[in-house]
Amino acid sequence: MTTYRDRNEAGRVLADRLTALIGEPDVVVLGLVRGGVPVAQVVAERLGAPLDVLVVRKLGMPWAPEVAFGALGPAGVRVLNDVVAGQLSSADMADVQRREQAELDRREQLYRAGRGPLELTGRTAVIVDDGLATGATARAAVAVARQLGARRVLVAVPVGAQDAYETLSGEADQVICAQRPEAFTAVGAYYDDFHEVSDDEVTEALAASA
């Protein structure tokens, strides 16, 4: 099991797995906000592809926010883990969704600054995150990309849990995961530097790639 120094190094390792896409004219790299954006920036530069972001919010259990019962994305997309969500009342679920929808809307407005999303119709969308734990966020991102008309949807991550990888493989056209540790714990355990990515880092990455 390899530990990445930071998200930039993880992006370089991941980009090495995606070299078959270099030169394809219809590829767009979509970083999952916020932690996936620095990884996606490195991948986009290596592939010579445009970079954009997908704002997707995990829906966490009220008493254990790190445990996801689903996720929200733009364009009204919602993905639920029915087994986990079944532990919640309708009122609790609605409360979490209202809060996360408000944050999703705030980030969309901040990061886009009036820009519309990149045109995905007929294109290959490469969705990049810094890791795959439950897979709920990535599943929402796949649904968003398909709803926006992507012809092919790939998910690329430096590290991920085997069960999440298998579930996601049934929904994305391809999942590229550089590492799938047998005893997966948490994404941050596989990075020396796993600081919380700021809004400024996201907007700077988008500006640099414009």
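The values are calculated or read from the model by the stated rules, or taken from the named source; none is laboratory data. A quick note: this is a predicted structure, and the numbers were derived from the prediction, not measured. Virtual Cβ from ideal backbone geometry, glycine too; neighbours counted across all protein chains shown.
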By residue number, the members of region 145-177 that are of a type in the set (S, T, N, Q) and in contact (Cβ under 8 Å) with a residue 40 or more places away in the chain are GLN147
Per the list (1) of a type outside the set (Lys, Arg); (2) assigned to a helix (DSSP H, G or I); (3) under 17 Å from LEU14 (Cα atoms), residue check on ALA205 breaks on (3)
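Does VAL83 qualify as being out of contact with any Ser or Thr (no Cβ under 8 Å at 6 or more places or on another chain), buried (at least 19 other Cβ atoms within 10 Å of the Cβ) and either farther than 28 Å from ASP193 by Cβ or assigned by TED's automatic domain parsing to the domain that holds TYR190 (or both)?
Criteria not met by VAL83.
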Restricting region 171-188 to residues that are closer than 19 Å to ALA138 by Cα and aliphatic (A, V, I, L, M), the one surrounded by the most Cβ atoms within 10 Å (Cβ to Cβ) turns out to be VAL175
Contact list, first residue from region 68-79 and under 21 Å from TYR111 (Cα atoms) and in contact (Cβ under 8 Å) with a residue 60 or more places away in the chain, second anywhere and part of a strand (DSSP E or B) and of a type outside the set (Lys, Arg), beta-carbon distance below 7 Å, six or more apart or interchain, is ALA71/LEU59; ALA71/VAL79; LEU72/LEU59; GLY73/LEU54; ARG78/GLY70; ARG78/LEU72
Legend entry - Residue within region 7-25 that is within 20 Å of ALA140 (Cβ to Cβ) and crowded, with 20+ Cβ neighbours inside 10 Å present: no
The strands (runs of 3 or more DSSP E) lying wholly within region 1-99 that contain at least 1 residues that are of a type in the set (Lys, Arg) are 57-61, 78-80
key: Meets criteria (closer than 23 Å to GLU196 by Cα, more than 13 Å from the chain's Cα centre (by Cα) and free of Cβ contacts under 8 Å to residues at least 24 places away in the same chain) for ARG180   = yes
Note on region 99-112: residues free of Cβ contacts under 8 Å to residues at least 40 places away in the same chain and surrounded by 15 or more Cβ atoms within 10 Å (Cβ to Cβ) are ARG112
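Does VAL96 fit the bill of being touching a Lys or Arg at 6+ places or on another chain (Cβ under 6 Å) and surrounded by 19 or more Cβ atoms within 10 Å (Cβ to Cβ)?
When the stated conditions are applied, VAL96 does not pass them.
Report whether or not ASP92 is among the charged types (D, E, K, R) and in contact (Cβ under 8 Å) with a residue 40 or more places away in the chain.
no
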